[in-house]
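What follows is one structure encoded as structure tokens, with my remarks underneath.
The values are calculated or read from the model by the stated rules, or taken from the named source; none is laboratory data. Computed from a prediction, not measured in an experiment: that's the story for all the values here. Backbone-built Cβ (ideal geometry, glycine too); neighbour counts: all protein chains shown.
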Amino acid sequence: MGRRAPGRSSRADRRRARVRRRRRALASAVALAFVPAGLGGAALLGWPGDGDGTGTRAGDRPAPATSTAARPTPPPDGPKQPEPEPEPEQRKPEPKKPAPKKPEPKKPAPKKPEPKKPAPKKPAPKEPKHPEVSVPATGPGTFTPVRLSGERHGRGPVRRFRVEIEDGVRLPGPATARAVSDVLGHPRGWTRDSSYGFQLVESGPVDFTVKVATPGTTDRLCFVTTPASRGKVNCRVGHDVVVNLKLWTRGSPRFDGPVEEYRALIINHEVGHELGRGHETCPGPGLPAPAMMQQIKGLLGCEANAWPYDTEGRYVRGPSVP
């Protein structure tokens, strides 16, 4: 073979030198990118070349084996696909808290039963004062029974009675009979004692009779002989309770109370005699006078009182009068 021409050899050397430089630059870049690759990177870094002191040309050396695994795979053409976002952790649904119970409305406290009020006491029978009733000084002395019956009062044996009014006296009979019956049935009357009972009747046999008479007739029936007492008394004779018309309609100036109360005193006092009770007197100043006291003659310091019993059911007692 002949010698190479000098011009051609220089151009070829320069071309090979450029190729070697390019290869070294590529090898350095690959080695830096894959340092952790181990032996593959060491082999690349150990390639001989210019400047290693051997003087061997690159064209005379065998090409180093390249590892496909060591070279980076270029990314595929086209836009880069976004990485899928990690799905959020699915939280377990919290158990539903029970809705707070609505407070039940408070039931109103049961009302305490009101204490029973005691039955109102029967007031004394209120009859008109009969201002229109004229009071004759005396009458014929004959009487007409009132046609009226009433209810039974008391728990004891019944004493039947009848009410009669002297003829010629213009006094309302039924109202008068009811007033007498109401007094005998009053809670503070004689029926407070369970031994007694009364009933108004209009006919048939009776145990006693209540007669309303003029003052003159009263004096005759009661055997009044004292001038100071004429026309001013009531009495019980036998089984007759004699009531002075004047005192029944107008009351007594010696009795400190309404006429209705004085009527109750007349009946309670005279019927008390019918029951066998005697006179009593004032038990002490300021105390209620007994119903069996002759209050028409004076109170002696006691308070006027028409009833045998007080509001507590106690008998209003005074010293006996012989």
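Structure values in brief
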{"read-out": "Complete set of residues in region 175-207 that are within 17 Å of ARG263 (Cβ to Cβ), surrounded by fewer than 23 Cβ atoms within 10 Å (Cβ to Cβ) and among the hydrophobic types (A, V, I, L, M, F, W, C)", "value": "ALA175, ALA179"}
{"read-out": "Any pair with Cβ under 6 angstrom, 6 or more apart, that starts in region 143-167 at a residue that is surrounded by 20 or more Cβ atoms within 10 Å (Cβ to Cβ) and ends at one that is assigned to a loop (DSSP other than H, G, I, E, B) and of a type in the set (Gly, Ala, Ser)", "value": "HIS153/GLY185; GLU166/GLY139"}
{"read-out": "Meets criteria (touching a Ser or Thr at 6+ places or on another chain (Cβ under 7 Å), surrounded by fewer than 17 Cβ atoms within 10 Å (Cβ to Cβ) and in a loop (DSSP other than H, G, I, E, B)) for GLY278", "value": "yes"}
{"read-out": "Qualifying position, being modelled with pLDDT of 95 or more and over 22 Å from PHE198 (Cβ atoms), among LYS297, LYS232, LYS246", "value": "LYS246"}
{"read-out": "Pick from region 126-142, criterion touching an Asp or Glu at 6+ places or on another chain (Cβ under 8 Å) and either surrounded by 15 or more Cβ atoms within 10 Å (Cβ to Cβ) or modelled with pLDDT of 95 or more (or both), ranking: nearest to GLY257 (Cα to Cα)", "value": "GLU127"}
{"read-out": "Residue within region 300-318 that is touching a residue at least 40 places away in the same chain (Cβ under 8 Å), β-branched (Val, Ile, Thr) and under 26 Å from ALA228 (Cα atoms) present", "value": "no"}
{"read-out": "Contacts under 6 angstrom Cβ, first residue in region 258-284 being among the aromatic types (Phe, Trp, Tyr), partner assigned to a loop (DSSP other than H, G, I, E, B) and buried (at least 18 other Cβ atoms within 10 Å of the Cβ), 6 or more apart", "value": "TYR262/GLY251; TYR262/SER252; TYR262/PHE255"}
{"read-out": "Identity of the residue in region 182-211, touching a His at 6+ places or on another chain (Cβ under 7 Å) and part of a helix (DSSP H, G or I), that ends up farthest from ASN305 (Cα to Cα)", "value": "THR191"}
{"read-out": "Only one of PRO290, PRO283 that is closer than 22 Å to GLU312 by Cα, in contact with a strand residue (DSSP E or B) (Cβ under 7 Å, 6 or more places away or on another chain) and not in a helix (DSSP H, G or I)", "value": "PRO290"}
{"read-out": "Qualifying residue in region 164-180 (condition: among the polar types (S, T, N, Q), over 20 Å from THR142 (Cα atoms), modelled with pLDDT of 95 or more and outside any strand (DSSP E or B))", "value": "no"}
